[in-house]
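FYI, it's all coordinate maths here, none of it is from the lab. The model shown is predicted, which means the values in this text are computed figures rather than measured ones. Glycine also receives a Cβ, built like all others from the backbone with ideal geometry; neighbour counts cover every protein chain displayed.
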There are 2 protein chains.
Amino acid sequence: MRASQLLGERYKEKPAEANLISHMLLLKGGYIRQVSNGIYSLLPPAKRVVAKIERIIREEMDSIDGQEVQMPVVMPRELWEESGRYKSIGSELVRFRDRNEHDMLLGMTHEEAAVHLSRNEAVTYNKYPFMIYQFQTKFRDEPRARGGLIRVREFTMKDAYSFHTSQKDLENYYEKCLAAYNRIFKRVGVPEVIAVGSDTGMMGGSVAHEFMLLCDAGEDTIAICNNCDYKANLEVAQARSKHKDYEEGKLEEEKLEEVYTPDIKSIDNLVSFFGLSAKNFIKAAVFAVQNSNKPLIVFIRGDLEVNEAKLKKVVYANVFPLTDYTDISLHFGFIGPLGLDTSKVDILFDKSLEGEENLVCGANKVGYHLKGFSMKRDLIPEKFYDVAKINHGDECCVCNSGTIELSRGIEVGNIFQLGTKYTMSMNMTYTDVDGERKHPIMGCYGIGVGRLMASVLEVRHDDYGPIWPISIAPWHVHICILNGHKGNVKEVAFALYEKLKELKCEVIIDDRDVNAGVQFADADLLGIPVRVIVSPKNLDNNKIEISTRDKTIKKLVEKEDAVKEILDVVNDLLKA
Amino acid sequence: MRASQLLGERYKEKPAEANLISHMLLLKGGYIRQVSNGIYSLLPPAKRVVAKIERIIREEMDSIDGQEVQMPVVMPRELWEESGRYKSIGSELVRFRDRNEHDMLLGMTHEEAAVHLSRNEAVTYNKYPFMIYQFQTKFRDEPRARGGLIRVREFTMKDAYSFHTSQKDLENYYEKCLAAYNRIFKRVGVPEVIAVGSDTGMMGGSVAHEFMLLCDAGEDTIAICNNCDYKANLEVAQARSKHKDYEEGKLEEEKLEEVYTPDIKSIDNLVSFFGLSAKNFIKAAVFAVQNSNKPLIVFIRGDLEVNEAKLKKVVYANVFPLTDYTDISLHFGFIGPLGLDTSKVDILFDKSLEGEENLVCGANKVGYHLKGFSMKRDLIPEKFYDVAKINHGDECCVCNSGTIELSRGIEVGNIFQLGTKYTMSMNMTYTDVDGERKHPIMGCYGIGVGRLMASVLEVRHDDYGPIWPISIAPWHVHICILNGHKGNVKEVAFALYEKLKELKCEVIIDDRDVNAGVQFADADLLGIPVRVIVSPKNLDNNKIEISTRDKTIKKLVEKEDAVKEILDVVNDLLKA
């Protein structure tokens, strides 16, 4: 490729609309252009990167017996009615009516299409297990598209769907896929991606993992234990619920008594008033719940906060925190578990309160709290729920000794054990060995290709541009011609270029009549791993300069050895 | 690949919904499944064929300096307002509103997106020419989707857009692309595809070619001269307009006179009444024209018919034939060019009448015709238009000696010289050598990938299934195991399979425990070029059978030579 012919200008200035590094570099470097909010076109270098990422994913999917298929972008309403998602998904699902007044939609994921494609083809047990996958355009009408390719509305996704005759078989395959995903992220140059436990969200199912690339640009927060293997998205991260003081058996059982606490409402004020730690209080958090006419009061230990994502999952509905509520006599600041009218409010207890004693809580009376409250004596709920937020520095709930650290991360992939959610609702069955009709058990596995490209940029760049891993770099070698009008510089550079092309090397040559500063700035923005500089000064000494974009190599070689030396550097990088 | 694991059942029966051979074979052979009207999923064998077709197209596009990009499926209304097509295209363009009440659409082609992507990137002449291309999903809400993948609503298209600084440069590139297209069709196994002159339709522009695969399943009719190179879609095929008799100078000029012709209206009746050939009459064809409140009368030589597609292009609107019209006093059967009230009707003359004399035409009076009418004397229109239908057996208008033959064809690709239609309306400019801002000149070039696959099937099959050209076959070698339970048949077959895989041969093995009839029927439906049969009978003689799907080769080889012999057959086919 000649740079003079490459479509896509590279800019000096930081584009105003870009906050994330990847967004900025993709615009500056001539990789993407916005067509509409959250909708982009890819220029040739980006298309080359994406194609290489796709090739790596394809090889890994094939290596775990995936069969590539293609399902449509546009689907009929009926298909999504079957699964129930036509109704359950909101306005992020684009719906339209075709010319025959038929309701259609744009696929944002393809579970329904995968079941539709498979259900008449795999009707006996001996066809199982199998996995199908595709690379397909999805459209998700995100309310807040942002960050270039990090959160878009239209995107290419590799989505895969596996079908099994037993949960055990699904679990085995899930592990194989998890390993394949780890190989993919390693091969595209981000081996630091980690798999963390996650919410199953609108996909349904039980077990799910997200693959997170830890970096500041991430929209997700991940809790990671510094001692054991525990890693989870904050949305599902298990909070440590045991109250240490009691474990150590320090306190005696107190009597329940009312205490006058005029105007003392917040935990901070109560802590100083009573001279106790926040762990000894019951906090009441009040929420409005979608589709419910009763407020929900969540009781939680005083030192903890409610994790709304976890609460949502427990109540199967959206929740909104309330700081006031006039319809009934809830005394904000003095709300406690005893004496609430459950015909007017719903109540839920966090696991942090399970079995706790000697607590201070609201007395449901303005100006009063209760002291000596016991969850073993005064009120024993049917169930405790894990709805607490985990905090940076908390003790790990798994190993009980490590400390939880919170990090930001970008989700670059996800895998779900879906169970029979779709095969039951869509009535996909097979005849098992025993002659019975059964619903296959499904898993699904996604990677957003464009987001992965952008994520790589978030962690593989310097101040001047991308440092593409060679496995996905648009080209392997970038030849710069300095002072091309002098002596035989141009001839030597083009001879190198032609020779490298002949040897199937992926090479781009900057044949533009621009100065060295512009050439280097653009080369930095293209981020090609191996740079070759042909300049009059070095040629005078019969030398050519070879360097790597990550600056680990920089050397002068004899002109005659250049081709071999360049290919050696490329091959060393490819092997690394 | 093991056939036992391959997703997709193959059927014995012809599917009821399929009329076209390709549709039938794609369903029977487990290649495609319908998701909605004109919307299909591709099963693994089809996806493999499509991927190979795409690879061939990509290589040829790269060979003419194409740069692969990616433009979105969903585009904002504004982009198509710029070109004017948001209004001019009807309900085949899917429009929807996003969650922010923004009007969006599904791309059915990408001229607007290509200009949008390029207009800020190629602002000086030295960036030209360039060509960008993509493989992208399109949606066109066809009123009549039919024939499996032949006419669908959702499809993958390779679309390419070239930009030039002169018409001459566009023409040169257009020729290069035409040649590349011919190479593509040859490489995918249908060298008989021909380029024919075509209508530019909604794309705009002047010169256009369609690539037609002649076969009965085609929806288009192509006029082909049996003597010269002339080929054109019937929609634009030039009719021969010269009236031979006059050329030969046989007749003398007659006087204009009125003749009483009671109830004699049709050309057939007039021919016998006057004892003249149909060529001596002026026929009047009446049309309603979209968005016009006046009927349009087309006068044409009596032996010819009006080609509505050509007429549409002349009047820039849809036309509908009328056989009656009550609003004004048009006397159907007696309509002629003299004395019509042009405030009430529009009039148009076909080229066939140019310079003709001694004609019979209607007198615009019930029961009367005029004789001796001359287009040189009695009425000389400003312009004559070519709106006549060409007929099978007509003389060629180009070489004047060949005969036109009409054939059915499937359009598998098209190329257009668009000119500045899009760059002007969307204000794309560059600075030319002379310092002036100019609009680049565009060409565009499409191939429907799925339709091409189906078209290949229309001409590469036998009664039992596809005969895939090896360049696009899902696999190269298909191993059948007959009586796998006997002796070492299975071991030998699998040893062959493993060895071939090791040697990077694309091989599928039928490891299912089914009888030879089922194996062969399915192998025919998969249409793999080279078939290897491992059977107890042949193994007894230490032999293995190799044959080709097209039946040109069938031989027994020594077991030990099988791998080499198989690869030789494959390589010979690949070279052919």
Cut-off 16 Å (backbone N to label point 7 Å along Cα→Cβ of A:N120), residues of the range B:19-38: B:19, B:23-38
Among the lysines, which have Cα under 24 Å from the Cα of A:K537 when same-chain residues fewer than 8 positions away are ignored? A:K486, A:K490, A:K499, A:K551, A:K554, A:K555, A:K559, A:K564
Averaging sequence separations of C-alpha pairs under 8 Å and six or more residues apart, then dividing by the length of chain B, give the relative contact order as a whole percent. 17 percent
Which Cys in chain B stand alone, with every other cysteine's Cβ at 4.7 Å or more from theirs? B:C177, B:C215, B:C361, B:C397, B:C444, B:C480, B:C505
May I ask you to evaluate 6.51 cos²θ - 1.76 cosθ + 1.60, the Karplus curve with θ = phi - 60°, for each residue of the range B:377-387 and list the ³J(HN,Hα) values in order in whole Hz, giving x for glycine and proline? 10, 8, 7, 10, x, 4, 8, 10, 10, 8, 10
Nearest 20 debye, what's the magnitude of the dipole of the protein assembly as shown about its Cα centre given +1 on Lys and Arg Cβ and -1 on Asp and Glu Cβ? 860 debye
DSSP loop trypsin sites (Lys or Arg not before Pro) in the range B:527-573 with at most 12 other Cβ atoms within 10 Å of their Cβ, which ones? B:K551
How high is the FRET efficiency from B:Y316 to B:T552, r the C-beta distance, R0 60 Å, rounded to 0.05? 0.70
Stretch gain in nm, segment A:K504-A:K12, where the contour uses 0.36 nm per residue and the Cα spacing is subtracted: 173.9 nm
For the range A:392-454, which GluC sites (Glu not before Pro) are both in a DSSP coil and crowded by at most 13 other Cβ atoms within 10 Å? A:E436
Residue-by-residue Karplus 3J(HN,Hα) for the range B:292-297, coefficients 6.51, -1.76, 1.60, Hz, glycine and proline x: 10, 9, 10, x, 10, 9
Going by the alpha-carbon gyration tensor, a ≥ b ≥ c the square roots of its eigenvalues, is the range B:98-225 rounded (a/c under 1.5) or, if a/c is not under 1.5, prolate (a/b greater than b/c) versus oblate? oblate
Apply the Karplus parameterisation 6.51 cos²θ - 1.76 cosθ + 1.60, with θ equal to phi minus 60°, to every residue of the range A:138-144 and state each ³J(HN,Hα) to the nearest whole Hz, in sequence, with x for glycine and proline. 10, 10, 10, 7, 4, x, 10
Per residue of B:98-108, count partner chain C-beta atoms within 10 Å of its C-beta, then hand back the mean as an integer. 4
Which value in nm describes the separation of the simple spin-label points at A:N483 and B:F520, placed 7 Å from the Cα toward the beta carbon? 7.8 nm
Give me the aspartates and glutamates in straight-line cross-link reach of A:K231: C-alpha distance below 12 Å, same-chain residues under 8 apart excluded. A:E210, A:E405
If you add up the charges near A:A145, with Lys and Arg at +1 and Asp and Glu at -1, over every other residue whose beta carbon is less than 13 angstrom from its beta carbon, what do you get? 0
Cα→Cβ-extended label distance, 7 Å offset, between A:E560 and B:K575, nm: 3.8 nm
Inter-copy separations for B:T403, label at 7 Å along Cα-Cβ, nm, ascending: 9.6
Here D for the protein assembly as shown, in µm²/s, from Stokes-Einstein with a Kirkwood Rh over Cα pairs at 4 °C and 1.567 mPa s, works out to 37 µm²/s
Neighbouring Cβ atoms within 10 Å as the yardstick, rank B:F130, A:F320, A:F163, A:F384 fewest first. A:F320, A:F384, B:F130, A:F163
Expressed in nanometres to one decimal, the distance between label points 7 Å along Cα→Cβ at B:E219 and B:I380 is 4.6 nm
One decimal, nm, nearest first: from B:R55 to the same residue in each other copy, label points 7 Å out along Cα→Cβ, the values are 1.1
Rounded to whole Å, how close does chain B get to the rotation axis onto A by Cβ? Give me the residue too, please? B:F96, 2
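Write out the trypsin sites (Lys or Arg not before Pro) in the range B:378-451 meeting two conditions: DSSP loop, and at most 14 other Cβ atoms within 10 Å of their Cβ.
B:K383
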Provide a whole-number value for the mean count of partner chain Cβ atoms within 10 Å of the Cβ atoms in peptide A:30-38. 5
Determine the sum of side-chain charges near B:S374: Lys and Arg each +1, Asp and Glu each -1, restricted to other residues whose C-beta is under 10 angstrom from that of B:S374. -2
Once amide H atoms are placed 1.01 Å from N in the peptide plane, what residues at a sequence separation of 5 or more from B:C228, or on another chain, have their amide H within under 5 Å of its amide H? B:G402
Measuring from the longest principal axis of the C-alpha atoms of chain A, the long axis of helix A:562-575 (C-alpha) lies at a number of degrees, nearest 10, equal to 20 degrees
Calculate how steeply helix A:489-502 sits against the longest principal axis of the alpha-carbon atoms of chain A, using the helix alpha-carbon long axis, and give the answer as 0 to 90 degrees to the nearest 10. 70 degrees
Taking each residue in A:73-79, count the Cβ atoms of any other chain within 10 Å of its Cβ, then average. What number comes out? 5
Hey, for B:E17 with labels 7 Å out along Cα-Cβ, what do the inter-copy distances come to in nm, ordered shortest first? 4.1
On Cα atoms only, tilt of B:44-63 relative to the major axis of chain B in degrees: 70 degrees
